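Worksheet: one structure, shown below.
The values are calculated or read from the model by the stated rules, or taken from the named source; none is laboratory data. Given the structure is predicted, the values throughout are model-derived calculations rather than measurements. Using ideal geometry, Cβ is built from the backbone for each residue, glycine included, and neighbour counts are taken over all protein chains shown. To get the accessible areas, we keep the full protein, side chains included, count just its heavy atoms, and leave off ligands, DNA and RNA. Shrake-Rupley method; radii C 1.70, N 1.55, O 1.52, S 1.80 Å.
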Amino acid sequence: MPYKCQPIASHFINGEYVEDTDGKIIECIYPATGEIVAKIYSATPEIIEIALSAAKSAQKSWGKLSGTERGRVLRRASDIIRKRNRELSILETYDTGKPLQETLCVDATSGADALEYFGGLAGAVTGEHIPLGEDWVYTKRIPLGVCIGIGAWNYPTQIACWKSAPALACGNSMIFKPSEMTPLCALKVAEILVEAGAPPGIFNVVQGYSDVGATLVADTRVNKVSLTGSAETGKKVYAAAAAGMKHVTMELGGKSPLIIFDDADIENAVGGAMLANMYSTGQVCSNGTRVFVQKGIKDAFLKRFLERAAKIKVGDPMNEETQFGPMISERQRDIVIGFIEQGKAEGATLICGGNAIKGDGWFIEPTVFSNVTDDMTIAKEEIFGPVMSVFEFETEDEVITRANNTDLGLAGGVFTNNIQRAHRVVDELEAGTCFINSYNDAPVEAPFGGVKGSGVGRENSKAAIEHFSQLKTVYVRMGKVDSPY
Ligand code: NAD
């Protein structure tokens with residue numbers, strides 16, 4: 001009996017599916033039921049070798065095409081993804097457990113946005129002309145070479161596209177290693193790119209655990225590593241890439257603040273805080289999990305939040321009415337429950353949820369703590385689950401200091417109707433991505449990424465072009481060389 005989502009083979013290299021059953025088995029489990037939906041194999045050294053040599057040799061001719069020719073492939077892939085959105089969204093839901101209501105809107109579609117945007121930009125990746133009297137310098141923006149993409153498990157399609165689209169637009173090739181928790185979606189991206197006309201070897205998918213990622217990062221044929229993962233993994237991968245002087249983009253974890261002033265529109269602020277904590281069952285890197293509410297409106301804010309939280313539809317992710325699915329895995333569920341227990345033990349007030357939901361799958365109730373203080377574990381560590389911590393504050397200066405009191409700096413938000421205050425506060429927030437009267441918007445046109453321990457580099461926008469290309473400078477002399485020798 002074949003599994004529900006069984007791919008043709010585990011890896012996709014040089015334009016086709018490839019298998020090596022000597023690799024360690026990776027079971028793909030649907031988080032809503034615990035059912036095994038596919039079984040694949042982690043890459044063996046032979047698989048890694050054929051992927052690296054395919055990516056290396058394919059990059060040479062791909063990098064020599066005009067940007068417009070490369071862009072055309074990406075834009076075609078974007079169109080195919082949009083046409084197949086429902087089928088891809090169902091696979092994303094099997095891979096992650098996220099409700100179909102979400103995956104239909106934000107996963108394949110945001111991957112398609114990236115392919116469309118970078119497809120459009122590809123022809124505009126140019127250098128400059130620098131006049132120097134009768135001489136001049138020109139610069140070329142050239143590819144880096146072979147890029148490794150390593151994904152987290154929360155947005156498998158989106159991460160594969162956010163990394164591959166700018167990489168391919170700039171003339172690089174990529175080997176993408178999905179998270180071992182969600183290996184299925186990137187294979188579809190690879191298939192679709194080939195269908196759109198990408199030459200074999202330009203985008204390859206190699207499955208595996210951290211050891212496969214580490215082997216790819218260390219290989220001397222690799223020129224760039226783009227990781228989405230935890231801050232701890234980021235430090236290891238950054239160090240390994242530095243040993244080979246490789247370019248990096250690090251999209252890591254966060255513990256982001258969301259500041260709600262007493263002049264904010266409460267209904268809007270509650271909506272923002274819900275998006276910032278409950279979307280994708282809280283498994284979003286940029287979530288605003290430290291919600292600072294000004295003293296005057298704290299009670300009103302919490303009352304309204306709880307009323308709305310009680311109506312969140314938890315359940316079968318394949319039912320399009322469902323708004324809130326399970327955690328990615330049993331392990332992640334237990335980690336989050338562990339944080340909740342610690343919050344209770346350290347004296348925070350649990351005002352909503354707090355329990356695992358009995359039955360199949362790894363569901364947790366939407367959870368809210370109030371009276372959280374800055375020294376508690378739940379205030380300091382990234383939980384990566386549906387757990388919101390509410391802090392009370394009095395003054396603007398106080399809340400800015402407290403908001404910045406973390407080693408991480410991925411995102412931050414402010415809700416206020418005072419326009420000067422909104423800009424003043426985001427100017428002071430130590431965060432790469434900020435929101436005013438909103439939370440967690442990530443359009444492809446806007447740079448996305450963190451400061452401090454949350455990473456280096458930016459994804460999306462024109463900024464990503466700089467992270468997937470490098471400058472070559474050419475000095476052109478019209479006269480004779482002026483040599484004193
Ligand atoms: P993780 O760090 O455990 O794993 C991420 C990826 O790195 C996986 O594919 C894993 O196999 C690989 N990996 C682990 N160790 C490695 C090593 N030494 N060398 C090479 N590869 C290695 O993260 P996760 O649990 O999959 O995802 C959750 C984390 O990702 C959270 O911290 C979250 O905040 C972060 N995240 C960040 C962003 C962002 O854009 N900033 C987006 C999504 C998730």
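Do any strands (runs of 3 or more DSSP E) lying entirely in the stretch 144-263 carry at least 2 residues that are within 13 Å of the ligand (Cβ to nearest atom) and farther than 24 Å from residue 287 by Cβ, and which ones are they?
Of the strands (runs of 3 or more DSSP E) lying wholly inside the stretch 144-263, those with at least 2 residues that are within 13 Å of the ligand (Cβ to nearest atom) and farther than 24 Å from residue 287 by Cβ span 173-177, 222-228.
Can you tell me which residue in the stretch 329-338 is least open to solvent (accessible area, probe 1.4 Å), limited to those that are in contact with a strand residue (DSSP E or B) (Cβ under 9 Å, 6 or more places away or on another chain) and more than 15 Å from residue 354 (Cβ to Cβ)?
329
Taking the options 152, 214, 160, 165, name whichever one is closer than 23 Å to residue 410 by Cβ and open to solvent by 10 Å² or more (accessible area, probe 1.4 Å).
Being closer than 23 Å to residue 410 by Cβ and open to solvent by 10 Å² or more (accessible area, probe 1.4 Å) holds for just one of 152, 214, 160, 165, which is 152.
Considering only the stretch 1-98, give the helices (runs of 4 or more DSSP H) lying wholly within it that have at least 1 residues that are open to solvent by 60 Å² or more (accessible area, probe 1.4 Å) and closer than 30 Å to residue 219 by Cα.
45-64, 67-83
Against the definition (buried (at least 23 other Cβ atoms within 10 Å of the Cβ) and assigned to a loop (DSSP other than H, G, I, E, B)), how does residue 276 come out, yes or no?
Judged against the criteria, residue 276 is not a match.
Within the stretch 279-315, which residues are open to solvent by less than 20 Å² (accessible area, probe 1.4 Å), within 16 Å of the ligand (Cβ to nearest atom) and in a helix (DSSP H, G or I)?
280, 281, 282
Would you mind telling me which numbered condition in (1) open to solvent by less than 10 Å² (accessible area, probe 1.4 Å); (2) touching a residue at least 60 places away in the same chain (Cβ under 8 Å); (3) assigned to a loop (DSSP other than H, G, I, E, B) residue 320 fails?
For residue 320, the exception is condition (1).
Given the conditions (1) assigned to a helix (DSSP H, G or I); (2) within 13 Å of the ligand (Cβ to nearest atom); (3) buried (at least 18 other Cβ atoms within 10 Å of the Cβ), and given that residue 109 satisfies all but one, which numbered condition is not satisfied?
Going through (1) assigned to a helix (DSSP H, G or I); (2) within 13 Å of the ligand (Cβ to nearest atom); (3) buried (at least 18 other Cβ atoms within 10 Å of the Cβ) one by one, residue 109 breaks only (2).
Among the residues of the stretch 121-131, are any in a strand (DSSP E or B), touching a strand residue (DSSP E or B) at 6+ places or on another chain (Cβ under 8 Å) and open to solvent by 10 Å² or more (accessible area, probe 1.4 Å)?
yes
Filter the stretch 408-422 down to the residues that are farther than 25 Å from residue 252 by Cα and open to solvent by 10 Å² or more (accessible area, probe 1.4 Å) and list them by number.
Once the filter is applied, which keeps residues that are farther than 25 Å from residue 252 by Cα and open to solvent by 10 Å² or more (accessible area, probe 1.4 Å), the stretch 408-422 yields 417, 418, 419, 420, 421.
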